[in-house]
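Report on the structure given below.
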Amino acid sequence: MTSAEGHADLGALAERLAELERTHAELESQLADPEVAGDPASYRQVAKRHAQIAEVVDVANRWRAALDNAQAARELAAQSDGDDRAAFEGEASQHQQHASELAQQLRGLLIPADPQDHKDVIVEVRAGAGGDEAGLFAGELFRMYRRFAEARGWSVEELSVSEQAPGVVKEVVFQLTGGDGIYSVLKHESGVHRVQRVPITESGGRIHTSTASVAVMPEAEEVDVELDPNDVRLDTFRASGPGGQSVNTTDSAVRLTHVPTGVVVSSQDQKSQLQNRERAMRVLRARLLAAEQQRAEAERASERAAQIGTGDRSEKVRTYNFPQRRVTDHRIGLTVHNLDDVLDGKLDQIVGALAEEEQRRRLAALSANGS
């Protein structure tokens, strides 16, 4: 296969590759421009963009070189006999295999990344249908994500916890930080999770189905969300439930209402009103950013093709079946039979498969748009 044939193999990605290579050459010229070099801010901006594209160009050059080496070895094999011919054929096969590996790497680099992938996240887990059984399941999901995060060295900070009874979670909001691209790992966990099992209180041994909803939101910075203080109404009230000294005796709890959208966030777990307000503001920003993302995705049908499922939180994304000890992710048809391990935080196989499917769909969408 020649270098030109290799380009054809990449299909619609070839045009994007050519565009990036032109941009790379233009940026190299700008870096050599005395005017750019004399302006530190401009130079940093150009250098940063140049570095981002450099990896793609490097892989593309190595890919073409491997293809050319494979073609050269095949031509030498055709002109040789005996051991020499076998040696050149083996060399051609090695170069071709290396070219295939580089082509796959190049495809991944050319797929536009989700701009939120690098961010930390705020996760909300809420009990759904099923009464106390749903609350128990919500608590188990929280424990699952906490174990998964701790195994990866991420920090877990509980922002808000509401219990219907001891161990029965109505809602828990927590933040995960300290990792590289936490949102890219967990973003597909959003949706309705379903559990099928025999509740402890069920004397007849019947299997019940309960649900809990999960929302994974990229943490929003001030530059991500325009939040006018005049649009936020602050209400304070006395915290309820167990708490330390002064928690239940002062108006330390906070409720923030974003008037234009009606989004409401409450926080009451901290002793001071200032701490509760800061936590509530973090969650509010994340919810507003998530809402803006959903609005933008709804307007861009071509980008929806790159998502796993519809993103609708009413969609049942996963089922945890206790009698059969299995977990099924309905979006990709993946079933694993290690329920206990999954609930103990061993989610790598599932989140890895979801990430691979996202990349496959993004590649397919990019190819379709370029054809």
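I'd like to verify a number: residues in the stretch 151-193 that are over 17 Å from Glu140 (Cα atoms), of a type in the set (Gly, Ala, Ser), touching a residue at least 40 places away in the same chain (Cβ under 8 Å) and not in a helix (DSSP H, G or I), how many? Matching residues across the stretch 151-193 total 3.
Check the stretch 299-322 and report whether any residue there is over 19 Å from Gly128 (Cβ atoms), at pLDDT 65 or above and exposed (fewer than 15 other Cβ atoms within 10 Å of the Cβ). Before the answer, list the steps.
Step one: filter the stretch 299-322 for residues over 19 Å from Gly128 (Cβ atoms), giving 299-308.
Checking which are at pLDDT 65 or above leaves us with none.
Looking for residues that are over 19 Å from Gly128 (Cβ atoms), at pLDDT 65 or above and exposed (fewer than 15 other Cβ atoms within 10 Å of the Cβ), one finds none in the stretch 299-322, hence no.
Pairs linking a residue in the stretch 64-84 that is in the same structural domain as Ala99 (by TED's automatic domain parsing) to a residue that is part of a helix (DSSP H, G or I) and surrounded by fewer than 17 Cβ atoms within 10 Å (Cβ to Cβ), with Cβ atoms under 7 Å and 6 or more positions apart or on different chains, are Arg64/Ser3; Leu67/Ser3; Asp68/Ser3; Ala77/Arg85; Ala77/Glu89.
Checked against the criterion of being over 30 Å from Leu67 (Cβ atoms), in contact (Cβ under 8 Å) with a residue 60 or more places away in the chain and crowded, with 18+ Cβ neighbours inside 10 Å, the candidates Ala99, Ala127 yield just one match: Ala127.
Within the stretch 27-43, the set of residues being surrounded by 10 or more Cβ atoms within 10 Å (Cβ to Cβ) and either in contact (Cβ under 8 Å) with a residue 24 or more places away in the chain or over 15 Å from Val57 (Cβ atoms) (or both) comprises Leu27, Gln30, Asp33, Val36, Ala37, Asp39, Ser42, Tyr43. Within the set Leu141, Leu136, Leu159, the sole residue that is crowded, with 19+ Cβ neighbours inside 10 Å, touching a Ser or Thr at 6+ places or on another chain (Cβ under 9 Å), among the aliphatic types (A, V, I, L, M) and closer than 16 Å to Ser213 by Cα turns out to be Leu136.
The values are calculated or read from the model by the stated rules, or taken from the named source; none is laboratory data. Model, not experiment: these values are computed from the prediction. Here the Cβ is made from the backbone with ideal geometry for all residues, glycine too, and neighbour counts use every protein chain on show.
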